[in-house]
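Read the structure below first, then the notes.
The values are calculated or read from the model by the stated rules, or taken from the named source; none is laboratory data. Just so we're clear, the structure is a prediction, and the values are computed from it rather than from any experiment. Every residue, glycine among them, receives a Cβ derived from its backbone with ideal geometry; neighbour counts consider all protein chains shown. Accessible surface areas use protein heavy atoms only, side chains included; no ligands, DNA or RNA. Shrake-Rupley method; radii C 1.70, N 1.55, O 1.52, S 1.80 Å.
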Amino acid sequence: MSDSLPATHQHHVRCVEALYVGHQGWLHAWLQRKLGNRVDAADLMHDTFTRILAAKTLPDLAEPRAYLTCVAKGILVNWYQRQALERAYLSALAQMPESLAPSPEVRFLILETLHEVDAMLDSLPPLVKRAFLLSQIGAMKYDEIAVQLQVSLITVKRYMKQAFLQCLTLMPE
């Protein structure tokens, strides 16, 4: 390990390494039971440890498997959501006439964009997300959204501003 890294970072990396060595086999087996698939289980296991490593700090791990399970469940939920989104998109494509179907490259780009939009929406507070979806997909006017959500019109406007700002910050330059 490089001496140029701060001691706290080195300690964190060593702790994650010990967690990986001690429990990666167990976590992989647990994920495989959930998914019924070794390859996806291996991917999600590595995603779990990547997320833990990126966190830069570890809580006190009296129960390391409980901690790993908690982190892995979050990743698993995201994975299931991504799979559901892909299935919905592929189902919509199957309904299109073949002559209008996009190329594999365009399909890939559309799926990536859908995943980015989905992640952006998931980063919003629930009422903000709901207001945004009612406006953009439901084509509801702000006053109708206010009635639906039982909030004031100014609150809906604040929600929409927050959602649009989030969209703008995530747009590529």
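Brief remarks on what is shown
- Degrees separating the helix 7-35 axis from the principal Cα axis of the chain, which is the longest one: 70
- The chain - accessible surface per residue (Å², probe 1.4 Å): 67
- Angle of helix 64-95 to the longest C-alpha principal axis of the chain, folded into 0 to 90 degrees and rounded to 10: 40°.
- Per the Debye calculation on the stretch 72-173 with a single equal scatterer at every Cα and no solvent contribution, log₁₀ I(q)/I(0) for q = 0.17 Å⁻¹ amounts to -0.92.
- Take Lys141: with every protein chain present and a 1.4 Å probe, its accessible area is about 130 Å².
- Extension reserve of the Ala94-Val39 stretch, reckoned as 0.36 nm per residue once the Cα distance is removed: 17.1 nm
- Val156, Val39, reordered so the largest accessible area comes first (probe 1.4 Å): Val39, Val156
- Nearby aspartates and glutamates by direct alpha-carbon distance to Lys73 (threshold 13 angstrom, same-chain neighbours under 8 apart not counted): Asp47
- Nearest-0.05 FRET efficiency for Asp143 and Cys167, computed from C-beta distance (R0 22 Å): 0.50
- Asp122 versus Thr50: modelled label distance in nm, points set 7 Å from Cα along the beta carbon direction: 1.4
- With every protein chain in place, the chain: carbon and sulfur % of accessible area (1.4 Å): 59
- Accessible area per residue (1.4 Å probe, heavy atoms of protein chains only) ranks Glu17, Glu86 as Glu17, Glu86, with the largest value leading.
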